[in-house]
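One structure is given below, encoded as C-alpha cells.
The values are calculated or read from the model by the stated rules, or taken from the named source; none is laboratory data. None of these values were measured; they are calculated from a predicted model. No Cβ is skipped: glycine too gets one built from the backbone with ideal geometry, and neighbour counts run over all protein chains shown.
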Amino acid sequence: MAFAERSFFAKRQHRLPGRVALSITHERVGLVLAGRGSGFAAERASGSDAGASLAALVREAGATGMSAEWLLDPGQYHLLQVEKPAVPAAEWVQALRWKARDLLPYPIEDAVLDAFEVPGLDSRGRPPSLYLAAARKDELRPRIAEIAAAGLVLEAIGIADLAWAAVAHQVIPGDDSLAVLMLDPRGGSMLALREQRLFVSRRFEFDSDDQRALRDPQDERNERLFERVALELQRTLDYFDRNHQRPPPRRLLLASGIDGAEGLDAALRRLLGIDVQRLDATARWPSLAAQPTAAGHRLAPLAAIASGSAA
C-alpha cells in the first residue's frame, strides 16, 4: 500500500510462526492467531470503542508484539474494473489515478490504490482489464493507530475478495470453475474463480424487505429473499459465461456470516440447478470450533490468512 509503505494486497508467503489476522468494523472486531499452540480465534462487539475491543482480544490471545494483517471488510474499500494501461505492472496504480478520479466518491488525493489483473478477457478479443482496489486514507489512519495501540505490528492490509478466493481454494482445491457466495449483514459478495484465480467479483446490498426477512423469517419473505439472491448469483454466472472463455461454475461454496438464511442452500440448488456446498470452517480451521456458525464463517478468511494458507 502506498500509504504507510505497505502493499495494499497482502503478500502471504513465508509467514513466521505466530501470525495474527484481524478485522475491524463498526459492528465487531475479529482476531485469529495461528502458529502458536492450538491457535486462537474470537470476535467481539465493537461497542463504543473498537480499539479497546481489539486490545482486549490481543491480550486474551497473547499476541502482543506479533505481526498482523488487517483484512478490510467489503464496505471499507471499493473494487473497480478498469482497462489495463499499457505500462509495466509497477506503474499501473500511477497510470490509473486519473481514471479513479472519476469513479470514486471522494477526492483521489485521499485514496490508497492497488491493482491486480482480471484474467481471460483478452481471449475473447476484449481489452485486458484490472481490478482496482481503493480505500480512503482518512478511514484507514484511525484504525491503523488502534492496531498499533493494541500492541500489534501491522505488516499488510488485505481485501475480503482475495481472502475469500483463497478460502475457497483451500476448501475446494482444483482448477475447475467455482462460484463463491458470502453473506454479511449488509448484503452478499459473489465470486467466480477458475484456475485458482479471481475472474469476477460482484456485490449486492440487502434492501429493507431482505432485512425484514432475515430478522423475522416467514415462508413468503424467505422465498423472496432466496429468489433475489439466486437472481444476483445468476447474473454473476452469466457475466462469467459471456466474458471469459472458460467452462462456467457448476459448484458453489456458500458462506453465511449472518443468521436467518437457513434453507438458502436448498433454494439455490432448486432455483439454479447448481451444486451447493456450505462452508464447514471448523473442519479446515479447528481453532474456530468454539464459535457459532455465522461467526466461524466471518472468521474463516482471517484463519486462512493467519495460518499462511492464503496465497
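Structure above, values below:
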item	result
Residue pairs meeting the criteria (Cβ under 7 Å; at least 6 apart or on separate chains; first more than 19 Å from Met182 (Cα to Cα), in the range 214-227; second part of a helix (DSSP H, G or I) and of a type in the set (A, V, I, L, M))	Arg221/Ala213
Evaluation of Val276 against (1) closer than 24 Å to Arg19 by Cα; (2) touching a strand residue (DSSP E or B) at 6+ places or on another chain (Cβ under 7 Å); (3) of a type in the set (Val, Ile, Thr) (one fails), failing number	(1)
Candidates Ala34, Ala50, Ala41, Ala4, filtered to the one that is at pLDDT below 95 and touching a strand residue (DSSP E or B) at 6+ places or on another chain (Cβ under 7 Å)	Ala34
Within the range 73-172, strands (runs of 3 or more DSSP E) holding 1 or more residues that are in contact with an Asp or Glu (Cβ under 7 Å, 6 or more places away or on another chain) and crowded, with 16+ Cβ neighbours inside 10 Å	78-83, 129-136, 153-159
Failed item in (1) surrounded by 18 or more Cβ atoms within 10 Å (Cβ to Cβ); (2) assigned to a strand (DSSP E or B), with Gln277 passing the rest	(1)
Any hit, the range 228-247, residues being touching a residue at least 60 places away in the same chain (Cβ under 8 Å), surrounded by fewer than 14 Cβ atoms within 10 Å (Cβ to Cβ), assigned to a loop (DSSP other than H, G, I, E, B) and not polar (S, T, N, Q)	yes
Whichever residue in the range 168-200 is out of contact with any His (no Cβ under 7 Å at 6 or more places or on another chain) and of a type in the set (S, T, N, Q) and, among such residues, is farthest from Arg278 (Cα to Cα)	Ser177
Unique residue being within 14 Å of the chain's Cα centre (by Cα), more than 23 Å from Val112 (Cβ to Cβ) and aliphatic (A, V, I, L, M) when the list is Leu198, Leu181	Leu181
